[in-house]
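For reference, the structure is listed below as structure tokens.
Read-outs throughout are calculated quantities, based only on the coordinates presented, and are distinct from any laboratory measurement. Keep in mind it's a predicted model, so treat the numbers as computed, not measured. Glycine also receives a Cβ, built like all others from the backbone with ideal geometry; neighbour counts cover every protein chain displayed.
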Amino acid sequence: MLSPSAQKVQDLLSERGFSHLEVREHAQSTRTAQEAADAIGCTVGQIVKSLIFRGATSGKPYLLLVSGPNRVDTHKVEESLGEKLEKPDADYVRQVTGFAIGGVPPVGHAEPLEALIDPDLLAFDRVFAAAGTPNAIFGLSPEELLKLTGGRTMPVK
Ligand code: 5CA
């Protein structure tokens, strides 16, 4: 049995035709990329961080899907997007995604979010993303991540 937030992600995956992707809730925390990697037994690079930024001009939320160890160079992303970015607070993250920090999944948000994908994630056969709660994760290929989110790759570091 999955908790309601994790089940919501599993249901969304099924509705989108990705029912072969399985959300798993772990006994231990997967709140951080390192904890998620430890729980799964993968490298931190394979963990997909789902980070929310807000366009300073447009007010538009952006979803950056970033490989675990990578730190976002906001100036670089701002140049690509053509607007400054703000790092929103936890309340805003919950408002636009419908999930609490530590469990924000790459899909299934309260508002449609433009997804920008770290090219480093494409180097792996399989990557792992949060699935609604701070101990829920699902695995998928980077190609599936692109398809599922409708996102585009953008250098982030
Ligand atoms: N479950 C893990 C691995 S998938 C996870 O969700 N990691 S994460 O990186 O996608 O989510 C945590 C991120 O939330 C942090 O990297 C940080 O960018 C952001 N965050 C943490 N605390 C806050 C806060 N108080 N306000 C806004 N953003 C925050």
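Hey, what do the phi angles of region 134-144 turn into as Karplus ³J(HN,Hα) couplings, whole Hz, using 6.51/-1.76/1.60 and θ = phi - 60°, x for Gly and Pro? Values per residue, Gly and Pro as x: x, 9, 10, 9, 10, x, 7, 7, x, 5, 5 Hz. Please work out the C-alpha center-to-center distance from region 82-157 to region 1-50 and express it in whole Å. With region 82-157 and region 1-50 each reduced to a Cα centre, they are spaced 12 Å.
Remark: spin-label model distance Glu22-Asp89 equals 4.1 nm, labels positioned 7 Å along the Cα→Cβ axis.
The H on the amide N of Ile47, modeled in the peptide plane, is under 5 Å from the matching H of Gly68, Phe128, each at least 5 residues off or on a different chain. Its Cα centre serving as origin, region 1-89 has a Cβ charge dipole (Lys and Arg +1, Asp and Glu -1) of approximately 100 debye. Student exercise: in the chain, how many lysine pairs 8 or more apart or on different chains have Cα atoms under 15 Å apart? Within the chain, the lysine pair count is 7.
Sorting the Cα pairs of the chain by distance into bins of 10 Å, from 0 upward, gives 12, 44, 37, 8, 0 percent per bin.
How much net charge surrounds Arg126 when only other residues with a Cβ under 15 Å from its Cβ are counted (Lys, Arg +1; Asp, Glu -1)? Mind dumping the intermediate values first?
Working: positive: Arg24, Lys147; negative: Glu22, Asp120, Asp125, Glu143, Glu144.
For residues surrounding Arg126, the net value is -3.
Dipole magnitude for the chain: computed about the Cα centre from +1 point charges on Lys and Arg Cβ and -1 point charges on Asp and Glu Cβ, it is near 120 debye.
Report the net charge of residues surrounding Thr57, where surrounding means a beta-carbon distance below 11 angstrom and charges are Lys +1, Arg +1, Asp -1, Glu -1. Please report the intermediate quantities before stating the final value.
Details: positive: Arg54, Lys60, Lys84; negative: Glu78, Glu83, Glu86.
Result for the local shell: 0.
Please report the net charge: other residues with Cβ closer than 13 Å to the Cβ of Tyr92, K and R +1, D and E -1. Let's see the in-between values first.
On the way: positive: Arg54, Lys60, Lys87, Arg94; negative: Glu86, Asp89, Asp91, Glu111.
Result for the neighbourhood of Tyr92: 0.
Please give the length that would be gained between Ser141 and Thr43 if that part of the chain were fully extended, namely 0.36 nm times their separation in residues minus their C-alpha to C-alpha distance (nm, one decimal). The partial results should precede the final answer.
Details: separation 98, 0.36 × 98 = 35.28 nm, distance 1.46 nm.
Separation in residues times 0.36 nm, less the Cα-Cα distance, equals 33.8 nm.
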